Amino acid sequence: MERAQGKRNAKMLMVFMCLLFIFVDRIESLSVTVNEVECLYEYVLYEGDTVSGNFVVVDHDIFWSSDHPGIDFSVTSPGGNVVQDIKGTSGDKFQFKAPVHGMYKFCFHNPHSTPETVSFYIHVGHIPSEHDLAKDEHLDPINVKIAELREALESVTAEQKYLRARDARHRHKYLLLAAVSALQVIYIRRLFSKSVAYNRV
């Protein structure tokens with residue numbers, strides 16, 4: 001009887017694990033594993049372009065204790081100046097106007113020894129000014145409005161990706177809690193079934 005219950009518990013655990021893998025979705029951003037320092041590069045074509053994005057440490061709530069310092073994020077311009085600096089966080093959004101054109105460096109610093117998976121999204125937007133239009137392509141103001149609408153749509157898309165990454169992080173946390181709870185129930189049932197058997201003898 002005890003052996004049959006053990007097999008049933010093992011089957012329940014296998015079904016639960018299969019469901020766990022089914023419900024875990026992919027994140028539609030770039031995933032980066034940060035051991036100590038990990039840097040990514042993005043080229044900005046025009047001075048004054050808007051650079052925006054977000055990042056989320058995917059497994060933050062699962063493995064971090066309350067005293068974990070978080071990760072640091074910095075953006076460095078082609079001239080070596082720090083344009084953006086965010087310290088000790090599990091995720092954030094950023095946006096800035098590029099002071100110069102060129103290659104920008106986006107770095108994550110993980111002060112802990114445990115590797116962290118970071119979901120990262122970046123967008124470089126360019127809205128031509130009327131001065132650029134007269135100089136380059138002689139386009140009318142309607143094209144400026146089209147570019148502004150395109151950037152607004154990109155902003156909404158970036159927000160959706162940020163929220164999806166946070167959703168995945170929370171889903172991992174809840175699934176882990178459910179798994180731990182199920183294992184605790186199985187453990188307690190086995191404990192009481194053994195103690196009842198000892199009392200009968």
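No value in this document is a laboratory result; all are computed from the given coordinates. Here the structure is a predicted model, which means the values were calculated and not measured.
Quick notes on this structure:
- At full extension, L40 and Q160 could sit 41.0 nm farther apart than now, given 0.36 nm per residue minus the alpha carbon distance.
- Residues whose amide H lies under 5 Å from that of L30, counting only those 5 or more places away or on a different chain, are F120; hydrogens are built 1.01 Å from N in the peptide plane.
- Calculated from backbone phi, Karplus (6.51, -1.76, 1.60) coupling profile of region 91-102 in Hz, x at Gly/Pro: x, 6, 10, 9, 7, 7, 8, 5, x, 9, 7, x
- In Hz, Karplus ³J(HN,Hα) per residue of region 74-84 (6.51, -1.76, 1.60; θ = phi - 60°; x = Gly, Pro): 9, 10, 10, 6, x, x, x, 7, 7, 8, 9
- Residue-wise HN-Hα coupling along region 107-114, computed from phi with Karplus coefficients 6.51, -1.76, 1.60 (Hz; x: Gly, Pro): 10, 10, 10, 10, x, 8, 7, 7
- Long pairs among K87/K145; K87/K173; K105/K173, criterion Cα-Cα beyond 28 Å: K87/K145; K105/K173
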